[in-house]
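Asker: Please see the structure below; I have some questions.
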Amino acid sequence: MVSFCLTGRRVFLGQVRILPGLSSMLRRNYSLDLSGDLLRTQGFINGRWVSAPSTFPVLDPATGEQLAQVSDCGPQQAQEAVSSAYKAFHSWKCQTAKERSTLLRKWFDLVNQHKEDLAKLITAESGKPMKESVGEIAYSASFLEWFAEEARRVYGDIVAPAAKDRKILLIKQPVGVASVITPWNFPSAMITRKVGAALAVGCTVVVKPAEDTPLSALALAELAVQAGIPPGVFNVVPCSREKAPVVGEVLCTDPLVAKVSFTGSTVTGKVLLKHAAGTVKKVSMELGGHAPFIVFDSADVDKAVAGALASKFRNSGQTCVCSNRFLVQSGIHDVFLEKLGKAMDAELRTGHGFEPTTTQGPLINVRAAEKVERQIADAVSRGAVVLKGGRRLEGSFMQPTLLSNVSTDMLCMREETFGPLIPVVKFNTEEEALSIANASEVGLAGYFYSQDLSQIWRVAEQLEVGMVGVNEGLISAPEAAFGGVKQSGLGREGSKYGIDEYLELKYVCIGGLTL
């Protein structure tokens, strides 16, 4: 039987059954004893924990059982949060960069101090294997550290004027209140990557976390309080799927909001862009991807296989930069498939995220599993061959799947998967690979393996994506600029450029000077 202890309350979550086709799925008790009041289920507005008239359930995606009931905030709570953030902005922006930096550093220290508990929350509400959840918390904390340091490096310019009696200054100022709307697949890191930059320069924020994973956002709010972040600077309004459209509309249309930052699907991003256009808000969007993974004949096949596993199967294929379309040159196609299949057998284990041997947890919900199932069925109906996996398991679990004899007209080559599926297309020439790779309306990330230096330069420049991994399957880092081209979004996050998304450039001309 499986149960979780939530701050002294033991909540029955039902029985984890042995899933068909899995070598092991142990029956055991998973402890979620959290320290420091990290389990929060109310909204967080103006430094206070606020209840809404109703609640919504947060489920363990591995079992479908309830973890908690969370306040279902609506338009009223969203407007209260925006008003609180707007009021707090006028004092927060006046704090020195060093003062803001110090508070962000305290927040970073607290996240690291509670990394195991925060990781447990991620695994419980998203299904991510515990090892990956611990990794996400380290990644999440790194943005607080990075932007705590960048807070003191926001520089302007003094420009040489044409006239002798004046001086021209260009200064950077915070835009104001930022609405931050985040996804479920990185429920902690996607918040800190945005909020760290915003708070560093003097903006205040209202966060709407994904309905599947609000507990991680609320835990961050608790640690923000402990770090000394002033009331109103960081607000969280969790809400159900049913209320998400109206809450999102408030956060994108309220005149007091100056900036909208969203990570999620391209479809939803377009809706939010329309909302934000009415008041001409500053907007950054990190939207859908459909990353190509190209293996050229000159590649080190063993390294390419390792990169494919890392890029595709992290979080069971549920990341926006996951490789989706695998293109392998004909000269090494067969050996790549053979080695990849053996590596999948050796390294991938499906199970509950709290099992120490698990590398592949459940997909976030049944709808996600059904999408992967549809893509596999479509590919097989069009001639694809299932080399590994191919089956839907209990609930939202999917077998890691490898397909060969894939063609570009198949559904898995035309839409993002967000699941543990590798479809492999054989190609002959570099030009053919680039044509297939660039035949997409989105362009977030792309990967390729080659040991030909000239080819590396050519392909890196010609791939129509915002980020390129060359002989590397994991590319995210706080120092690097994260973002895409085409319909994969607007703006950049992380790096020294991510902070500019929350700044306005002001020109100041001082005239009438006697020099």
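The values are calculated or read from the model by the stated rules, or taken from the named source; none is laboratory data. Given the structure is predicted, the values throughout are model-derived calculations rather than measurements. FYI the Cβ positions are ideal-geometry reconstructions off the backbone, even for glycines, and counts take in every protein chain you see. Please note that ligands, DNA and RNA were not included when accessible areas were found on the heavy atoms of the full protein model with its side chains. Shrake-Rupley method; radii C 1.70, N 1.55, O 1.52, S 1.80 Å.
Asker: Non-local amide H neighbours of Leu327 (under 5 Å, H modeled in plane, Pro and chain starts lacking H): which ones?
Answerer: Phe293, Ile294, Val295, Val425
Asker: Based on the Cβ-Cβ distance from Arg382 to Ala439, what FRET efficiency comes out when R0 is 25 Å, to the nearest 0.05?
Answerer: Given R0 = 25 Å and the Cβ-Cβ separation, E is 0.90.
Asker: Could you put Arg492, Arg152 in order of accessible surface area, largest first, with the 1.4 Å probe and the full protein assembly present?
Answerer: Accessible-area ranking of Arg492, Arg152, largest first: Arg152, Arg492.
Asker: Given a 1.4 Å probe and every protein chain left where it sits, what share in percent of the accessible area of segment 289-411 is carbon and sulfur?
Answerer: Accessible surface attributable to carbon and sulfur in segment 289-411 totals 50 percent.
Asker: Compare the peptides 363-376, 321-334 by average per-residue count of other Cβ atoms within 10 angstrom and give them in order, highest first.
Answerer: 321-334, 363-376
Asker: Local charge sum around Asn324 (other residues, Cβ-Cβ under 14 Å, Lys/Arg +1, Asp/Glu -1)?
Answerer: +2
Asker: Which residue, chosen from Ala384, Gly353, Leu363, occupies the Cα position most advanced towards the positive end of the dipole of segment 340-387, where the dipole is computed from +1 (Lys, Arg) and -1 (Asp, Glu) charges on Cβ about the Cα centre?
Answerer: It is Ala384, whose Cα lies furthest towards the positive end.
Asker: Treat every Asp and Glu Cβ in segment 445-505 as -1 and every Lys and Arg Cβ as +1, leave all other atoms uncharged, and give the resulting dipole magnitude about the Cα centre to the nearest 20 debye.
Answerer: 140
Asker: For the chain, what's the relative contact order in percent, using C-alpha pairs closer than 8 Å and at least 6 residues apart?
Answerer: 17
Asker: Rg and Dmax of segment 102-204 over Cα atoms: what are they, in angstrom?
Answerer: 18.5, 65
Asker: Please work out the Cα center distance from segment 228-307 to segment 466-486, rounded to the nearest Å.
Answerer: 16
Asker: Just name one of Gly446, Ser495, Val485: the one whose Cα is farthest towards the positive end of the charge dipole of segment 425-515 (beta-carbon charges, Lys/Arg +1, Asp/Glu -1).
Answerer: Selected residue: Ser495.
Asker: Additional query: Could you compute the net charge surrounding Val508? Neighbours are other residues with a C-beta less than 13 Å from the C-beta of Val508; K and R count +1, D and E count -1.
Answerer: Net local charge, Val508 excluded: +2.
Asker: Separate question: Thr253: accessible area at probe 1.4 Å, nearest 10 Å²?
Answerer: 50
Asker: I've got another one for you. Can you send over the carbon and sulfur percentage of the accessible area for segment 211-286, probe radius 1.4 Å, protein chains only?
Answerer: Within segment 211-286, the accessible surface is 63 percent carbon and sulfur.
Asker: Just list whichever of Lys128/Lys274; Lys87/Lys208; Lys98/Lys128; Lys243/Lys281; Lys339/Lys388; Lys128/Lys388 have alpha carbons separated by over 24 Å in the model shown.
Answerer: Listed pairs above 24 Å: Lys128/Lys274; Lys98/Lys128.
Asker: Give me the three principal axis extents of segment 329-412 from the C-alpha atoms, as integers in angstrom, largest value leading.
Answerer: Result for segment 329-412: principal-axis Cα extents of 41, 27, 14 Å.
Asker: Rolling a 1.4 angstrom probe over the protein heavy atoms, how many square angstrom per residue are accessible across segment 357-515?
Answerer: On a per-residue basis, segment 357-515 sits at 45 Å².
Asker: I'd like to compare 391-401, 500-510: which one has the highest average count of other Cβ atoms within 10 Å, and what's the full order after that?
Answerer: 391-401, 500-510
Asker: Provide the net charge surrounding Lys243, with neighbours chosen by a C-beta distance below 11 Å and charges set as Lys +1, Arg +1, Asp -1, Glu -1.
Answerer: With Lys, Arg at +1 and Asp, Glu at -1, the neighbours total -2.
Asker: Please identify the helices of the chain, taking whole runs of DSSP H, that span at least 15 Å along their own axis as judged from the Cα atoms and have a mean Kyte-Doolittle score of 0.5 or higher.
Answerer: For the chain, where a helix must reach 15 Å along its axis and average at least 0.5, the hits are 189-201, 214-227, 266-277, 301-313.
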